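Take a look at the structure below.
The values are calculated or read from the model by the stated rules, or taken from the named source; none is laboratory data. Predicted, not measured: the structure shown is a model, and the values here were computed from it. Here the Cβ positions follow ideal geometry from the backbone for every residue, glycine too, while neighbour counts run over all protein chains shown. Ligands, DNA and RNA are stripped out before the accessible areas are found, and what is left, the full protein with its side chains, is counted by its heavy atoms. Shrake-Rupley method; radii C 1.70, N 1.55, O 1.52, S 1.80 Å.
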Amino acid sequence: MTDCIFCKIVQGEIPSRKAFEDDLVYAFHDIHPLRPTHLLVIPKRHIASLAEVGAEDEPVLGRMLSVAPRLAKEHGSPNGFRSIINTGQVGGQEVAHLHLHILGDTKPVGPMLERD
Ligand code: AMP
Ligand code: ZN
């Protein structure tokens, strides 16, 4: 995807603070961290959102989740973390390349959803 900022990050065309990389996924620090630990884990291959995945994406989806605990531990959230995937306009997704947020701290991060 030529116009996708996260594809450009994977390709090194836009700088990022890399946390991890393997054959399927790339992880980096969010540019506007909401917590002391705020990482994004993305598939190297462009997938627009969780709404676009199919059975062929199961290996990369599994990898995104399975690297998360180690990344959280290594980057300042050793006792748990929150993992979030925003999907589409309704889900508040701003960057149209699938990404898993990993948010944490040494302190509890608080309730997730506001109720009205
Ligand atoms: P979302 O609202 O789930 O689409 O989240 C997009 C996230 O990407 C936000 O938390 C942004 O701060 C983050 N972001 C946008 N551009 C960059 C970038 N160039 N490097 C790192 N994080 C970014
Ligand atoms: Zn992309």
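Here PRO59 meets the list (1) at pLDDT 95 or above; (2) over 18 Å from VAL10 (Cβ atoms); (3) outside any strand (DSSP E or B); (4) away from ligand 2 (no atom under 16 Å from the Cβ) almost entirely, failing just condition (2).
For region 93-106, the set of residues classified as within 18 Å of PHE20 (Cβ to Cβ) and over 12 Å from the mean Cα position of the chain (by Cα) consists of GLY104 only. One residue stands out in region 1-27 among those that are surrounded by 11 or more Cβ atoms within 10 Å (Cβ to Cβ) and of a type in the set (Val, Ile, Thr): the one that is farthest from the chain's Cα centre (by Cα), namely ILE14. Of the set (1) within 12 Å of the chain's Cα centre (by Cα); (2) not in a helix (DSSP H, G or I), all apply to VAL90 but (1). Here VAL95 fulfils each of the conditions (1) β-branched (Val, Ile, Thr); (2) free of Cβ contacts under 8 Å to residues at least 60 places away in the same chain; (3) under 24 Å from GLN11 (Cβ atoms) apart from (2). Beta carbons closer than 6 Å, at least 6 apart along the sequence or on distinct chains, pair a first residue in region 26-52 that is of a type in the set (Phe, Trp, Tyr) with a second that is within 11 Å of ligand 1 (Cβ to nearest atom) and assigned to a loop (DSSP other than H, G, I, E, B) for PHE28/SER16; PHE28/ARG17.
Residue check: VAL109 meets all listed conditions (1) open to solvent by 30 Å² or more (accessible area, probe 1.4 Å); (2) within 14 Å of the chain's Cα centre (by Cα); (3) touching a residue at least 60 places away in the same chain (Cβ under 8 Å) but one, namely (2).
Restricting attention to region 28-53, report how many residues are away from ligand 2 (no atom under 15 Å from the Cβ) and either surrounded by 15 or more Cβ atoms within 10 Å (Cβ to Cβ) or of a type outside the set (Val, Ile, Thr) (or both). Count: 10.
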